[in-house]
Amino acid sequence: MKKTAFVFSLIFVACFLSEFFLSSCSKKNSDKTEITVLAAASLTDVCGRIKTAYEKRNPNVNVLFSFGGSGALQAQIEEGAPCDVFISAAKKQMNALLEKDLVDKDSVYDLLKNRLVLIVPKNDKNKAVSDKGGAAVSSFYDLALPEVKLIAVGEIKSVPAGQYAKTVCESLGIWETVQAKANYASDVRTALVWVEEGVCDAGIVYASDAAFSEKVSVAASSPEGSCPPVIYPVGIVKSCKNKGVAKSFVDFLYSGESAAIFRDACFVPLEKEYN
């Protein structure tokens, strides 16, 4: 009988300690302020480093990122998805949200600059690549080569990289050729993966995406003046419930520490100036 009572006592103590531990952990987690950032897919890797740096300086904040095509993210915000900060790969999507009064106008700034490049797989398994592993494709005009069967391009309606690609190709007079061979991706990172895996013979992505990958070669950069500057704006969504923290995060994006991280990822950080 005493042994049974002793066992029950141990179980009670174990349950109490377990409950206390879980309660403490829950309280500890609830002490952190969370903000959600919807960001263009091309920022996936660099934002991981930004998150680590910011949370190191602000241990009571947890930054949650969700990545995708800027048009798709715009639609999510319009549909009421939880979001505090939006970073688009083009001004078009941010302006659309401003017109619908879904983003705080005074919080919108140009954050980064990027550029468009033409890529091919960095191996000799693809017909668009020479036997020595160097790109046979050396300019956008080479997309007309018969060896180039499929070209990875961002979806025109919702992916800024696709919209920029169309503008570049139209300015060079080759859009009809590219359009006939285009394999449309839901975001620019998908386009990158298709070229990495040899699904497509070539692709049009951002310089930052190409720099991230060890499996592709840059065949050419978009010619000067062939498309508008590739600008990434950032803004705080009006439904944001933690505007002080959101502003702190946006301010951090313009810090010297963040600028170094962006440059290392082949982005060009911009000064924080009112539009």
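Summary of computed values
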{"read-out": "The range 100-111 residues that are under 22 Å from Val230 (Cα atoms), paired with ones that are in a strand (DSSP E or B) and not β-branched (Val, Ile, Thr) (beta carbon under 6 Å, 6 or more apart)", "value": "Val103/Gly235; Ser107/Gly235; Val108/Pro233; Val108/Gly235; Asp110/Pro233; Leu111/Tyr232"}
{"read-out": "Residue in the range 169-207 that is nearest to Tyr141 (Cα to Cα), counting only those that are surrounded by fewer than 23 Cβ atoms within 10 Å (Cβ to Cβ) and of a type in the set (Ser, Thr, Tyr)", "value": "Thr177"}
{"read-out": "Evaluation of Tyr206 against (1) in contact with a strand residue (DSSP E or B) (Cβ under 6 Å, 6 or more places away or on another chain); (2) at positive phi (one fails), failing number", "value": "(2)"}
{"read-out": "Hits in the range 213-231 (condition: outside any loop (DSSP other than H, G, I, E, B) and under 21 Å from Pro269 (Cα atoms))", "value": "Ser221, Val230, Ile231"}
{"read-out": "Matching residues, the range 59-72, being in contact (Cβ under 8 Å) with a residue 60 or more places away in the chain, in contact with a strand residue (DSSP E or B) (Cβ under 9 Å, 6 or more places away or on another chain) and either under 16 Å from Ser88 (Cα atoms) or open to solvent by 40 Å² or more (accessible area, probe 1.4 Å) (or both)", "value": "Phe67, Gly68, Gly69, Ser70"}
{"read-out": "Hits in the range 81-91 - residues which are open to solvent by 40 Å² or more (accessible area, probe 1.4 Å) and either modelled with pLDDT of 95 or more or hydrophobic (A, V, I, L, M, F, W, C) (or both)", "value": "Lys91"}
{"read-out": "Residue list for the range 105-116, filter: under 11 Å from Val237 (Cα atoms) and crowded, with 18+ Cβ neighbours inside 10 Å", "value": "Ser107, Val108"}
{"read-out": "Subset of the range 129-145 [touching a strand residue (DSSP E or B) at 6+ places or on another chain (Cβ under 7 Å) and at pLDDT 50 or above]", "value": "Val129, Ala136, Val137, Ser138, Ser139, Phe140, Leu143"}
{"read-out": "Residue satisfying all of: in the range 50-85; aromatic (Phe, Trp, Tyr) and out of contact with any Ser or Thr (no Cβ under 6 Å at 6 or more places or on another chain); farthest from Ser239 (Cα to Cα) among these", "value": "Tyr54"}
{"read-out": "Helices (runs of 4 or more DSSP H) fully within the range 140-212 counting 2 or more residues that are in contact with an Asp or Glu (Cβ under 9 Å, 6 or more places away or on another chain) and touching a residue at least 12 places away in the same chain (Cβ under 8 Å)", "value": "160-172, 188-196, 207-212"}
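Yes or no, residue by residue, for (1) modelled with pLDDT under 95; (2) open to solvent by 60 Å² or more (accessible area, probe 1.4 Å):
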position: Cys227; (1), (2): yes, no
position: Tyr232; (1), (2): no, no
position: Ser248; (1), (2): no, no
position: Phe252; (1), (2): no, no
position: Glu257; (1), (2): no, yes
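The values are calculated or read from the model by the stated rules, or taken from the named source; none is laboratory data. All values reported here derive from a predicted model rather than from experimental measurement. Heads up, the Cβs are rebuilt from the backbone with ideal geometry, glycines too, and the neighbour counts pull from every protein chain shown. Just the protein is used for accessible areas: all its heavy atoms, side chains included, with ligands, DNA and RNA removed. Shrake-Rupley method; radii C 1.70, N 1.55, O 1.52, S 1.80 Å.
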